[in-house]
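Coordinate-derived values only; no laboratory data. Quick caveat: nothing in here was measured; it's all calculated off a predicted structure.
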């Protein structure tokens, strides 16, 4: 580096220091407020993006619940005649599905109380479906009927997709919660009324 370049660099540094020194305390305060506002804007936008991911992941769960809701009534009706003696079990499947549907319709994915109700309804339906599968194990000839076998395979596929959708939802909730609870972003929580989300 030659002497001219060194002199130019020192001149630029001296000019910058003189400019910063000339700023009044009001200008420093305004600059600080502007920096804080920019940080808040960026942090809030990041939380909005993560929250949108939670809502989008929940939409995937809703889609699978809807598919199952459309599948169960025809399956149960197809089993009514051959399993007439098991009407209470078949009715329990449909009633559990109706309760799950009501819980899902009332659900807001970022409110833990409504998620708890959904999880409880899902547990009741899983129990009713387990009883139905046990009945079908006692009547293997029913599994080989085209209509029932197809519905059972579709139900199995939906359960697999539902498991994947839950995993994606829980990952989105975890990312949102971690971002919301990290310092200094957690300072925005009371300011904007943000809450942590509850995983399934």
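Computed over Cα pairs, the Kirkwood radius of the range 31-119 leads via Stokes-Einstein (0.692 mPa s, 37 °C) to a diffusion coefficient of 201 µm² per second. Computing Rg and the Kirkwood Rh from the Cα coordinates of the range 52-192 gives a ratio, Rg/Rh, of 1.11.
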